[in-house]
Amino acid sequence: MGAARVVPHQVGLIKLSKTQLKVLQSIMLGEKVTAEQIAERCELSNSWASTLLKMVWERRYLVRGGYVRMNGGLEFVYSSV
């Protein structure tokens, strides 16, 4: 708690919301998942699942890789650290 008082602007980088934690806990160690898979597991929209995964990745709880889909889009794949 003392550290949070010293650098309050960085608390968001550590603490996850309940929904972010739910997303993180739905990924098994070593498993690679897409936003679509997480949306199904956690009963979220694809766009919200994608946003949550990105937020958790930005806090360095996940590793992210990506590939170009055949239809031209970019899809990210996330795995636990």
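The values are calculated or read from the model by the stated rules, or taken from the named source; none is laboratory data. Model, not experiment: these values are computed from the prediction. All Cβ positions, glycine included, derive from the backbone under ideal geometry; neighbour counts span all protein chains shown. Surface areas here come from the heavy atoms of the whole protein model, side chains and all, with no ligands, DNA or RNA. Shrake-Rupley method; radii C 1.70, N 1.55, O 1.52, S 1.80 Å.
Structural remarks
- Selection count where residues are part of a loop (DSSP other than H, G, I, E, B) and either modelled with pLDDT under 85 or within 14 Å of residue 59 (Cβ to Cβ) (or both), scope segment 2-26: 5
- Residues that are within 15 Å of residue 81 (Cα to Cα), part of a strand (DSSP E or B) and open to solvent by less than 100 Å² (accessible area, probe 1.4 Å), drawn from segment 30-70: 33, 62, 63, 64, 65
- Qualifying residue in segment 38-54 (condition: in contact (Cβ under 8 Å) with a residue 24 or more places away in the chain, among the polar types (S, T, N, Q) and out of contact with any Phe, Trp or Tyr (no Cβ under 7 Å at 6 or more places or on another chain)): yes
- Single residue of segment 71-81 satisfying the filter (of a type in the set (A, V, I, L, M) and in a strand (DSSP E or B)) that is farthest from the chain's Cα centre (by Cα): 74
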